[in-house]
Amino acid sequence: MPVRQVDGRRVLAARRAAHLQQHELGKALGLSKTPISEWERGLGAPPPERLPAIARILRQELDVLFPRLGPPDLKDLRCDAGYTQAEAAAKLGISRLPLSNGEGGKRRLNEKYVQPLADLYEVSRKELEAAQNRSFSDSTTSAAAERMPQTLGEKITYLLQRKRALSDQDLADAVNARAGFHAVDAAGIQALRTDSGPAEARAGLPPGSLFAGLADAFGVQPYFFDAREEIERQIIDRLNFLNFWRSDGITVAARGADRGVSAEMLATLSEVLVRHEDARRDKE
């Protein structure tokens, strides 16, 4: 089931951006501040049918604050409409059993319930039927369980599976072209790809040549191969630099700024800043 991803740090960032205290968000949801604190610390998660209300109160797009891997099934549609199973059944004037069977992939909805349920969830009949098909399929399970690659070896493997078929020698040639000399061979790339000896394989490589060479081979940006913490550090460093320029009264015109910043980008940036601030406080 492609359930929505709940990240307490992102909720915290969105709440601060909305200038709300924990008790204020709790009051708007009919709760105390305790569950809000637990959600933000990763000690629990809101019921999925509450997520639309949380996003609305925090003035965030639901798909931005609580992203989902893959398209929705029947349960997802109900939760996105903000209903518990009992509430949805009551709205339709039926028992919970047909909804429970449909969401659990046990028995398809009676035809007479399909359009009323689509209307209740504010989706088209076609969207509801597609969601029902997913409830009876295991195809979304693998998408929900898929984890983004973390190590250098996982990232190389990820790109090899999705981008193009390249040999270890092809990758070595690309890295050597960036290095300007024969710095690594196919065996060294294999060690990197399998995470079996990354330190030894990288010995003697000029700084940046490995990531630049791999990026050339796969057609991606070099920072794809950096650790997330390093990428976030670079973001913070550049923000501090821009802040320094602004403090001196210098206006910086960012290329492409006329297009604005997406809600997804703002949410991600808020999350990074909150994590950076928490790390700074822990060191003090």
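The values are calculated or read from the model by the stated rules, or taken from the named source; none is laboratory data. Here the structure is a predicted model, which is why all the values come from computation and not from measurement. Backbone-built Cβ (ideal geometry, glycine too); neighbour counts: all protein chains shown. Areas reflect the complete protein model, heavy atoms only, side chains present, ligands, DNA and RNA absent. Shrake-Rupley method; radii C 1.70, N 1.55, O 1.52, S 1.80 Å.
Here the extension length gained between VAL220 and ASP195 equals 7.0 nm, from 0.36 nm per residue of separation less the Cα-Cα distance. Using the Cβ-Cβ distance between GLU38 and LEU62 with R0 = 22 Å, the FRET efficiency computed as 1/(1 + (r/R0)^6) comes to roughly 0.60.
In order along segment 40-53, phi translates into HN-Hα couplings of 5, 8, x, 8, x, 9, x, x, x, 6, 8, 4, x, 5 Hz, rounded to whole numbers, per the Karplus curve 6.51 cos²θ - 1.76 cosθ + 1.60 with θ = phi - 60° and x for Gly and Pro. Spin-label model, SER124 to LEU97: label points 7 Å out along the Cα-to-beta-carbon direction sit 3.4 nm apart. Surface analysis of segment 74-194 yields an accessible area of 56 Å² per residue, using protein heavy atoms and a 1.4 Å probe. All other residues with a Cβ under 13 Å from the Cβ of ASN101 taken together, and with Lys, Arg as +1 and Asp, Glu as -1, what is their net charge? For residues surrounding ASN101, the net value is +4. Projecting label points 7 angstrom from Cα along Cα→Cβ for ALA17 and THR157 puts them 3.4 nm apart.
Between PHE181 and ARG233, the modelled label-to-label distance comes to 2.7 nm, taking each label 7 Å out from Cα in the direction of the beta carbon.
Hey, can you rank 221-231, 100-110 by average C-beta count inside 10 Å, highest first? Spell out each step's value before the answer.
Working: 221-231: 13.2, 100-110: 16.1.
Put in order of decreasing packing, that is 100-110, 221-231.
Computed 3J(HN,Hα) for segment 175-190, one whole-Hz value per residue from the Karplus formula 6.51 cos²θ - 1.76 cosθ + 1.60 where θ = phi - 60°, is 5, 5, 5, 6, 6, x, 7, 6, 9, 8, 10, 4, 5, x, 5, 4, glycine and proline marked x.
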